[in-house]
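Here you go, one structure.
The values are calculated or read from the model by the stated rules, or taken from the named source; none is laboratory data. Note that the coordinates shown come from a computational prediction; the quantities given were computed from them, not determined experimentally. For neighbour counting, all protein chains shown are included, and Cβ atoms are generated from backbone atoms with ideal geometry for every residue, glycine included.
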């Protein structure tokens with residue numbers, strides 16, 4: 001048990017370091033490419049990826065998660081799952097090819113035909129690496145996985161920047177999206193050094209297929225819920241409006257998505273190993289959840305307070321219209337930080353059907369909100385989206401926790417210290433703006449605001465809220481010898 005704890009903490013720390021690198025690369029990538037390309041270039045690619053992203057959800061079939069969630073998995077099962085993944089990847093690539101003329105017709109944009117054709121190749125490479133990812137996760141080899149993810153991000157970003165500088169326009173984004181899966185899968189095969197055997201019948205994969213199918217359907221419903229607005233904006237408001245909304249949505253989601261990915265993967269693997277130990281299971285979940293909120297809340301509230309300066313520094317002056325969209329989306333991102341970790345709880349306990357049921361309620365709620373806000377453009381959609389998610393927060397938490405070993409009170413106690421600390425710190429930083437608002441440099445205002453908020457947040461969380469011993473304990477585990 002102590003070994004699992006140490007591996008989990010170190011794996012989480014390695015993922016955090018890796019995600020910090022990924023965040024930095026993506027951040028620099030956005031800063032550079034946003035100045036080289038126009039909003040319409042981003043909008044064109046988003047028109048396609050909003051739809052092909054649905055196909056991408058099926059590229060692993062949820063089978064990598066199924067392989068991680070199982071207590072024991074045989075070599076024959078892993079090999080059989082690999083070939084099922086490959087079949088799915090080929091079918092999705094073919095479906096993408098068939099979609100090319102339909103997307104060009106739907107958006108009245110002929111350039112989308114070849115964009116869709118080129119993006120089809122990514123599905124085969126993604127499928128080829130699905131089970132290699134599962135092997136790394138089962139053995140808690142998060143240092144290796146993190147290194148591969150960092151390499152993928154660096155190479156794909158470099159390709160996009162080089163092509164953008166060379167004047168290839170939106171093709172820079174398209175080629176970056178294709179290069180990513182190629183680099184990732186190639187590195188996975190080189191590191192894992194596992195070669196699949198031939199597929200076998202009657203090796204006990206039926207239960208894993210059922211689990212993976214439910215997870216995939218859940219992801220599909222969630223994807224539709226959180227991405228339909230891009231299709232609607234692209235269809236009724238055009239590439240420019242979608243480009244503005246898409247960059248605001250991507251920028252506000254990068255930090256929290258990276259954090260949830262870093263801790264979520266490790267948490268899911270560890271919790272799956274503890275599903276028969278309720279006391280340790282609850283302890284691991286609440287600590288991991290508190291850690292995610294402790295990092296998500298301050299970033300989100302800081303983004304809301306300094307939205308205008310963030311947009312100017314990161315994207316540049318031609319994206320100033322994005323600031324209001326960016327600020328209106330911050331409540332949604334904070335709520336995602338609060339509710340997304342409940343998926344660790346449900347899936348690791350084998351409650352994937354409940355997770356699917358929750359998604360089936362979220363989807364119509366979000367789509368209805370998009371339709372209500374659509375007549376008012378990107379800002380109207382962002383406001384309606386955030387309002388709907390705010391109203392959904394309490395029902396989501398109560399439903400997900402019902403019948404589990406984690407009570408709503410324990411959930412609230414894990415959430416409260418970091419959120420309260422972040423709110424106080426954001427108030428300090430926002431008030432400080434009155435003293436340096438006359439500064440001409442947006443970067444200077446951002447850096448000083450970040451410093452004020454960081455100091456106030458650390459003081460509140462560690463000393464006022466009494467969380468110092470918790471974080472010192474995590475550091476102690478990192479220092480212990482293997």
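Collect the residues in the stretch 398-423 that are buried (at least 18 other Cβ atoms within 10 Å of the Cβ), in a helix (DSSP H, G or I) and free of Cβ contacts under 8 Å to residues at least 60 places away in the same chain, keeping them in residue-number order. Give the steps one after another, and end with the answer.
So the first thing to find is which residues in the stretch 398-423 are buried (at least 18 other Cβ atoms within 10 Å of the Cβ), and the list is 400-401, 404, 406, 411, 414-415, 417-419, 421-422.
Retained after the next criterion (residues that are in a helix (DSSP H, G or I)): 400-401, 411, 414-415, 417-419, 421-422.
Of everything in the stretch 398-423, just one residue is buried (at least 18 other Cβ atoms within 10 Å of the Cβ), in a helix (DSSP H, G or I) and free of Cβ contacts under 8 Å to residues at least 60 places away in the same chain, namely 401.
Just a yes or no: is a residue in the stretch 359-380 in a helix (DSSP H, G or I), at positive phi, surrounded by fewer than 22 Cβ atoms within 10 Å (Cβ to Cβ) and touching a residue at least 60 places away in the same chain (Cβ under 8 Å)?
First, the residues of the stretch 359-380 that are in a helix (DSSP H, G or I): 359-380.
Right, trim to at positive phi and you get 377.
Okay, now just the ones that are also surrounded by fewer than 22 Cβ atoms within 10 Å (Cβ to Cβ), so 377.
Subset that is touching a residue at least 60 places away in the same chain (Cβ under 8 Å): 377.
Within the stretch 359-380 (the criterion being in a helix (DSSP H, G or I), at positive phi, surrounded by fewer than 22 Cβ atoms within 10 Å (Cβ to Cβ) and touching a residue at least 60 places away in the same chain (Cβ under 8 Å)), the answer is yes, since at least one residue qualifies.
Report the residue count in the stretch 413-449 for those that are closer than 18 Å to residue 300 by Cβ, in contact with a helix residue (DSSP H, G or I) (Cβ under 7 Å, 6 or more places away or on another chain) and modelled with pLDDT of 85 or more.
Count: 15.
Residue under question is residue 286, and the condition is that it be modelled with pLDDT of 90 or more and part of a helix (DSSP H, G or I); does it hold?
On the way: modelled with pLDDT of 90 or more: no; part of a helix (DSSP H, G or I): yes.
Criteria not met by residue 286.
Is there a residue in the stretch 154-170 that is in a helix (DSSP H, G or I), at pLDDT 90 or above, over 26 Å from residue 50 (Cβ atoms) and touching a helix residue (DSSP H, G or I) at 6+ places or on another chain (Cβ under 9 Å)?
Among the residues of the stretch 154-170, at least one is in a helix (DSSP H, G or I), at pLDDT 90 or above, over 26 Å from residue 50 (Cβ atoms) and touching a helix residue (DSSP H, G or I) at 6+ places or on another chain (Cβ under 9 Å), which makes the answer yes.
In the set 185, 256, which member is at pLDDT 85 or above, within 28 Å of residue 148 (Cβ to Cβ) and outside any loop (DSSP other than H, G, I, E, B)?
So the residue among 185, 256 that is at pLDDT 85 or above, within 28 Å of residue 148 (Cβ to Cβ) and outside any loop (DSSP other than H, G, I, E, B) is 185.
Which residue out of 215, 231, 221 is within 28 Å of residue 148 (Cα to Cα) and touching a helix residue (DSSP H, G or I) at 6+ places or on another chain (Cβ under 8 Å)? First the steps, then the outcome.
On the way: 231 fails: within 28 Å of residue 148 (Cα to Cα); 221 fails: within 28 Å of residue 148 (Cα to Cα).
After ruling out the rest, the residue left standing is 215.
Kindly indicate the residue of the stretch 107-119 that is outside any helix (DSSP H, G or I) and free of Cβ contacts under 8 Å to residues at least 60 places away in the same chain and also nearest to residue 176 (Cα to Cα) among those meeting that condition. If you could, list the steps in order and put the result at the bottom.
Of the residues in the stretch 107-119, the ones outside any helix (DSSP H, G or I) are 108-111.
Next cut, free of Cβ contacts under 8 Å to residues at least 60 places away in the same chain only: 108, 110.
Numbers: 108: 24, 110: 21 Å.
Restricting to residues being outside any helix (DSSP H, G or I) and free of Cβ contacts under 8 Å to residues at least 60 places away in the same chain, the top hit is 110.
Looking at (1) closer than 22 Å to residue 119 by Cβ; (2) within 18 Å of the chain's Cα centre (by Cα), find the lone condition where residue 183 falls short.
Condition (2) is where residue 183 drops out.
Still on this structure, please answer the following. I need the helices (runs of 4 or more DSSP H) fully contained in the stretch 1-85, keeping only those with at least 1 residues that are in contact with a helix residue (DSSP H, G or I) (Cβ under 8 Å, 6 or more places away or on another chain) and modelled with pLDDT of 70 or more.
Working: elements: 2-36, 39-56, 63-69.
Filter on the stretch 1-85 gives 2-36, 39-56.
Could you please let me know if residue 392 is under 22 Å from the mean Cα position of the chain (by Cα), modelled with pLDDT of 90 or more, assigned to a helix (DSSP H, G or I) and surrounded by fewer than 21 Cβ atoms within 10 Å (Cβ to Cβ)?
Numbers: under 22 Å from the mean Cα position of the chain (by Cα): yes; modelled with pLDDT of 90 or more: yes; assigned to a helix (DSSP H, G or I): yes; surrounded by fewer than 21 Cβ atoms within 10 Å (Cβ to Cβ): yes.
Judged against the criteria, residue 392 is a match.
Sticking with this structure for a sec: Starting from the stretch 316-336, keep only residues that are at negative phi and surrounded by 19 or more Cβ atoms within 10 Å (Cβ to Cβ), then list their pairs with residues that are outside any helix (DSSP H, G or I) and modelled with pLDDT under 90 whose Cβ atoms are within a distance under 8 Å, requiring at least 6 positions of separation or different chains.
That search, which allows pairs on different chains as well, returns 322/315.
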